[in-house]
Amino acid sequence: MALIVQKFGGTSVGTVERIEQVAEKVKKFREAGHDIVVVVSAMSGETNRLIGLAKQVMEQPVPRELDVMVSTGEQVTIALLSMALIKRGVSAVSYTGNQVRILTDSAHTKARILSIDDANIRSDLKAGRVVVVAGFQGVDEHGNITTLGRGGSDTTGVALAAALKADECQIYTDVDGVYTTDPRVVPQARRLDKITFEEMLEMASLGSKVLQIRSVEFAGKYNVPLRVLHSFQEGPGTLITLDEEESMEQPIISGIAFNRDEAKLTIRGVPDTPGVAFKILGPISAANIEVDMIVQNVSHDNTTDFTFTVHRNDYLAALEILKQTAANIGAREATGDTNIAKVSIVGVGMRSHAGVASRMFEALAKESINIQMISTSEIKVSVVIEEKYLELAVRALHTAFELDAPARQGE
Ligand code: ADP
Ligand code: ASP
Ligand code: MG
């Protein structure tokens, strides 16, 4: 008998029929004697629909009001799932984030969980009830409804599992685990039996949206046993683990992540004096725009070029600021490009293997894909390329690093 937190994503609760199926599944676990807390997302497409409505009224919706609205998606699914359980004779009760009291900071649309009051949930579990909690939402100290950022129900699930010291947090979704890369882009992608927190963190932060990055951070910090599984197919899924087995079989890279959400900005002919990087990026960060990759060219004729990437949502604002900076510091021009994509290879195996980056560059060169920017860390190499080559690049790298399904059989 275990305490299990089960999170079901948008497609898994996308229709009333699916919600009934989820209820059947939860009922089975309950009948096996487990204590169950279920976290659900909004029905698939609902959060986008709500954001779209808001944007019809206001192009940049006021964040507090946007949260009041988008949080309703999950309020619908918790009630429906509870009803489906009760109808089956399973005692159940639903709670919004506020009712549990999932306390967050006040950063609307991207709030962080500060604490969870687990008293209600514990007494319901004790009374034999399945507790159904709305994902993605919380409440700040002033009573304002907050949301945790897109994909935030994963984080609700893991945070509840941490608070309740659950035996396992199961993330049920529309794929049967974490794959070497998005299986919708590379059909040869393979399900991983295990992946380390560290690798999953990199994969999530580099664009694999199968788990929200904060959920992985939480799971690593509180050592929550975390598993990604298919909602409606049996299977072992993928376990996110702490241990990093040093076996001979260990692949050099575990996965490939990619991201189309960035844009590139370049400022040319910058007088090359000390403090240049600060002059360029200072105003960007003052505008609360996060910078990802940065490249400064070797100076030439005492001037240099400087390129960096930001989220596409911030592109226009960043370009405006950069043009202003160019005028202020006497640079030749400020330009930008949104037709880019970032592809990253990730793996703890890189630590013990040389030449991983050059193997990556070779595979891209063979496909005549030009690399615009490069950044590396201990367990990842990322490149920026033209967006139209993204899928080709991911497939080529998947093959070059021997990740394609048949090549790794018998592992
Ligand atoms: P949910 O609604 O259940 O939260 P998401 O759409 O957020 O589901 O996440 C699941 C999706 O993540 C999959 O359908 C898949 O396309 C995508 N994905 C991206 N990278 C990976 C990966 N490495 N492994 C598995 N799925 C991935
Ligand atoms: N419904 C929210 C979203 O679409 C949260 C989630 O599904 O995890 O981002
Ligand atoms: Mg998700």
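None of the figures in this text is laboratory data; all of them are computed from the coordinates on show. This structure is a prediction, so every number in the text was calculated from the model and none was measured. Quick reminder, even Gly has a Cβ in these numbers, built from the backbone with ideal geometry, and neighbours come from all protein chains shown.
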- Note on the structure: Once normalised by the length of region 271-334, the mean sequence separation of its alpha carbon contacts under 8 Å that are 6 or more apart gives a contact order in percent of 33
- Counting sequence-distant residues (5 or more places) and residues on other chains, those with an amide H built under 5 Å from that of LYS194 are LEU239
- Using only Cα atoms, locate the centre of region 97-118 and the centre of region 305-364, then give the distance between them in Å, rounded to an integer. 34
- Query: Once you charge only the Cβ atoms, +1 for Lys and Arg and -1 for Asp and Glu, what is the size of the charge dipole of region 98-182 about its Cα centre, to the nearest 20 debye?
  - Reply: 280
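Set the Förster radius R0 to 30 Å, insert the Cβ-Cβ distance between LYS55 and ASN339 as r into 1/(1 + (r/R0)^6), and round the FRET efficiency to 0.05. List each step's numbers first, then the result.
Numbers: r = 24 Å, r/R0 = 0.79.
So, using R0 = 30 Å, E works out to roughly 0.80.
Can you tell me how much longer the chain between GLU386 and ARG184 gets when fully stretched, taken as 0.36 nm per residue apart minus their C-alpha distance, in nm with one decimal? Intermediate values should be presented prior to the final figure.
Numbers: separation 202, 0.36 × 202 = 72.72 nm, distance 2.01 nm.
Gain on stretching GLU386 to ARG184: 70.7 nm.
If I stretch the segment between LEU3 and SER368 completely, what's the gain in nm (0.36 nm per residue apart, minus their alpha carbon distance), one decimal?
Numbers: separation 365, 0.36 × 365 = 131.40 nm, distance 5.22 nm.
Contour length minus the Cα-Cα distance gives 126.2 nm.
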- Message: Below 8 Å, C-alpha to C-alpha, sequence gap of six or more: please give me the relative contact order for the chain in percent.
- Response: 13
- Most mobile of THR47, THR376, THR77 in a GNM of the chain (Cα contacts under 10 Å): THR376
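Assuming a ≥ b ≥ c are the square roots of the Cα gyration tensor eigenvalues, decide whether the chain counts as rounded (a/c under 1.5), prolate (otherwise, with a/b larger than b/c) or oblate.
On the way: a/c = 2.32, a/b = 1.45, b/c = 1.60.
Oblate, since a/c reaches 1.5 and b/c is not below a/b.
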- Message: Just to confirm the number: angle between the C-alpha axis of helix 276-286 and the first principal axis of the chain, 0 to 90 degrees, nearest 10?
- Response: 30
- Item | Residue list for region 1-39, given a label point 7 angstrom along the Cα-to-Cβ vector of LYS87 and an amide N cut-off under 12 Å | 16-24
- Name the residue, out of ALA331, ALA341, ALA134, whose mean-square fluctuation peaks in a Gaussian network model built on the chain with Cα pairs under 10 Å. ALA331
- Quick one: angle between helix 315-329 and the longest Cα principal axis of the chain, in degrees between 0 and 90, rounded to 10, please. 30
- Query: R0 = 51 Å: FRET efficiency of ARG150 with ASP301, Cβ-based, nearest 0.05?
  - Reply: 0.70
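Could you tell me which trypsin sites (Lys or Arg not before Pro) in region 293-353 are loop residues by DSSP with no more than 16 other beta carbons within 10 angstrom of their beta carbon?
On the way: sites: ARG312, LYS323, ARG332, LYS342, ARG351; in loops: ARG332.
Answer in residue order: ARG332.
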- Note on the structure: With the dipole of region 25-171 defined by +1 on each Lys or Arg Cβ and -1 on each Asp or Glu Cβ, the option from SER106, THR155, GLY89 whose Cα lies farthest towards the positive pole is GLY89
- Message: Averaging the inverse of every distinct alpha carbon separation and then flipping it gives the Kirkwood radius. What is it for region 214-354, in angstrom units?
- Response: 18.4
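Relative contact order, percent, of region 1-72 when contacts are C-alpha pairs under 8 Å separated by at least 6 residues?
Value for region 1-72: 37 percent.
Give LYS28/LYS209; LYS110/LYS194; LYS25/LYS165; LYS7/LYS110 a once-over and call out the pairs whose C-alpha atoms are over 25 Å from each other. Working shown, then result.
Numbers: LYS28/LYS209 29 Å; LYS110/LYS194 29 Å; LYS25/LYS165 22 Å; LYS7/LYS110 19 Å.
Cα-Cα > 25 Å for LYS28/LYS209; LYS110/LYS194; rest within.
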- Which of PHE308, PHE197, PHE136 fluctuates most in a GNM of the chain (C-alpha springs under 10 Å)? That residue is PHE308
- Query: From the phi of every residue in region 139-153, what ³J(HN,Hα) in whole Hz does the Karplus formula 6.51 cos²θ - 1.76 cosθ + 1.60 yield, where θ is phi - 60° and glycine or proline is x?
  - Reply: 9, 8, 5, 8, x, 6, 6, 10, 10, 9, x, 4, x, x, 5
- Task: Starting at the first residue of region 73-88, write each ³J(HN,Hα) from the Karplus equation 6.51 cos²θ - 1.76 cosθ + 1.60 with θ = phi - 60°, in whole Hz, x for Gly and Pro.
- Result: x, 6, 5, 5, 6, 5, 5, 4, 5, 4, 4, 4, 6, 4, 4, 8
- Note on the structure: Applied in sequence order to region 380-391, the curve 6.51 cos²θ - 1.76 cosθ + 1.60 (Karplus, θ = phi - 60°) yields integer Hz couplings, x standing for Gly and Pro, of 8, 10, 10, 10, 9, 9, 5, 4, 5, 8, 4, 5
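How large is the helix-only mean residue ellipticity at 222 nm for the chain, computed as the sum of -39500 (n - 2.57) over DSSP H runs with n ≥ 4, divided by its residue count, in deg cm²/dmol to the nearest 500? Spell out each step's value before the answer.
Numbers: 13 runs with 142 residues, N = 411.
Value at 222 nm, helices only, nearest 500: -10500 deg cm²/dmol.
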